[in-house]
């Protein structure tokens, strides 16, 4: 069975997943990505600058994200900010990872669902008054 280009990245490192998920809605700069991850995870995941920018560098090298040339209006932006966006491959990888995680959740739900045996009530075990 041959692996697609996107599948070779799966499973994604958690920090890569969070960065890429932040970029799924459009271009963002680093600080906005950090804030998005923090807010989306209710403070449970914090990407510190060294982790964030090291991951961004590796995501660019892997061609999963790229730096954007497009900028907001100068009066709305700091010229030092760099904006990032998903590449086509990055979107395929993110879609594959989301599908993989959904399959895991379904497997967990199936395994945690009460079995019919658990709901079966034996007449001999019933208390009657």
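The values are calculated or read from the model by the stated rules, or taken from the named source; none is laboratory data. This one's a predicted model, so the numbers in the text were calculated from it and none came from an experiment. As a convention, Cβ positions derive from the backbone with ideal geometry for all residues, glycine included, and neighbour counts pool all protein chains shown.
For the list (1) out of contact with any strand residue (DSSP E or B) (no Cβ under 8 Å at 6 or more places or on another chain); (2) exposed (fewer than 11 other Cβ atoms within 10 Å of the Cβ); (3) touching a residue at least 12 places away in the same chain (Cβ under 8 Å), I need the number of the one condition that residue 70 fails.
(1)
I'd like the full set of residues that are farther than 15 Å from residue 92 by Cα, in contact with a helix residue (DSSP H, G or I) (Cβ under 8 Å, 6 or more places away or on another chain) and surrounded by fewer than 17 Cβ atoms within 10 Å (Cβ to Cβ), limited to region 1-47.
Across region 1-47, the qualifying residues are 13, 32, 40, 41, 45, 46.
Which is modelled with pLDDT of 95 or more, over 15 Å from the mean Cα position of the chain (by Cα) and assigned to a loop (DSSP other than H, G, I, E, B), of 70, 63?
Answer to the selection: 63.
Taking residue 46 and the conditions (1) within 20 Å of residue 10 (Cβ to Cβ); (2) assigned to a loop (DSSP other than H, G, I, E, B); (3) free of Cβ contacts under 8 Å to residues at least 24 places away in the same chain, which numbered condition does it fall short on, given that it satisfies the others?
Condition (1) is where residue 46 drops out.
When residues of region 1-35 are filtered for being out of contact with any strand residue (DSSP E or B) (no Cβ under 7 Å at 6 or more places or on another chain) and assigned to a helix (DSSP H, G or I), how many remain?
Residues in region 1-35 being out of contact with any strand residue (DSSP E or B) (no Cβ under 7 Å at 6 or more places or on another chain) and assigned to a helix (DSSP H, G or I): 16 in total.
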